[in-house]
Amino acid sequence: MSAHKIIIAIDGFSSCGKSTLAKELAAKLGYNYIDSGAMYRAITLYFLRNQVDFNDHSAILNAIACINLSFIFNEQTQKSDIYLNEEDVEPYIRDMIISEQVSTVAAIREVRSFAVAQQKRMGRKKAIVMDGRDIGTTVFPDAELKIFMTADPEVRVMRRFKEMYATNPQTTIEEVRHNLELRDYIDSTREESPLHQADDAILLNNSNLTKEEQLEIVLEWVKDRATNVTILNP
Ligand code: DC
């Protein structure tokens, strides 16, 4: 009997470890992993590079018409890199300047329609793990498995700080805390698809879980929902 492939939607606030879980899960299942936040980050990069006025509706539409986003698998990192108009922009999209503006850009209706339409297309063949803020609520409301991740605020701050510090030792804990609090606020109070837990999503608080423990728990949830699951050992 052939395997029954499913869609796995992972949502939650910034720095809850969504991408770590999503990437490991996809590798174990042989699924495609899509980091939807990378799409909003790449759009923000384009807007900043081209000085697009975030309040100018037609400038936004014109800019979006010039944006082509694609994901290409990177053997080294074992995850897909995002390409903005044929350029691999992974090295730029996690910079603080992008993190400071991305929630504002992601709250723009035209930006969301553009990104969500592409995300829905990516899920047509199933066998996908996508993480973000509205994946279980808007992008894939029928996903077979929806997870809403949380972690204690200080745990999140320290995780993000360590990540940022590795590439930019000028980063301060205060700066990271402020950015996370601001993004939580914007992401959960915006008009368009605000971040909230879908009614049928399972809550996963990973403050006190190791990566291995969390993966084990979620693989059990997958086995409950997809038949003939083959767990790969990369
Ligand atoms: O996951 P991340 O921190 O890279 O996401 C960057 C921003 O993009 C985040 O502040 C909110 C936004 N985002 C969104 O609005 N919807 C998604 N599906 C993914 C991210």
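Annotations
- 20 °C / 1.002 mPa s Stokes-Einstein diffusion coefficient of segment 139-234, Kirkwood radius on C-alpha pairs, µm²/s: 134 µm²/s
- GNM result for the chain, Cα springs below 10 Å: residue of Ala201, Ala65, Ala42 fluctuating most strongly: Ala65
- Charge context of Met96, other residues only, Cβ under 11 angstrom, K/R +1, D/E -1: -1
- Efficiency of FRET between Asn168 and Glu87 - r from beta-carbon atoms, R0 22 angstrom, step 0.05: 0.55
- In degrees, nearest ten, helix 96-106 long axis to first principal axis of the chain (Cα): 80 degrees
- Trypsin sites (Lys or Arg not before Pro) restricted to DSSP loop in segment 114-211 with at most 16 other C-beta within 10 Å: Arg124, Lys125, Lys126
- Segment 161-201 and segment 98-158: distance between their alpha carbon centers, rounded to Å: 13 Å
- Rounded tilt (10° steps) of 36-49 against the dominant C-alpha axis of the chain: 10 degrees
- Hull-based mean projected area of the chain, where the convex hull spans the alpha carbons, in square nanometres: 12.7 nm²
- Segment Thr189-Lys120, extension gain: residue separation times 0.36 nm, minus the distance between their alpha carbons: 22.5 nm
- Of all beta bridges that DSSP places with both ends in the chain, some 30 percent have antiparallel geometry.
- Glu181/Leu232 FRET efficiency (R0 35 Å; Cβ-Cβ; nearest 0.05): 0.35
- Qualifying GluC sites (Glu not before Pro) in segment 34-136, DSSP loop, other Cβ atoms within 10 Å at most 14: Glu75, Glu86
- For segment 1-124, Kirkwood radius (reciprocal of mean inverse C-alpha pair distance, Å): 15.5 Å
- Relative contact order (%) - criterion: Cα under 8 Å, at least six apart; region: the chain: 36 percent
Every number in this text was worked out from the coordinates using simple rules, so none of it is lab data. Keep in mind that this is a model prediction, so the values were computed, not measured. Every residue, glycine as well, gets a Cβ built from its backbone with ideal geometry; the counts of neighbours run over all protein chains shown.
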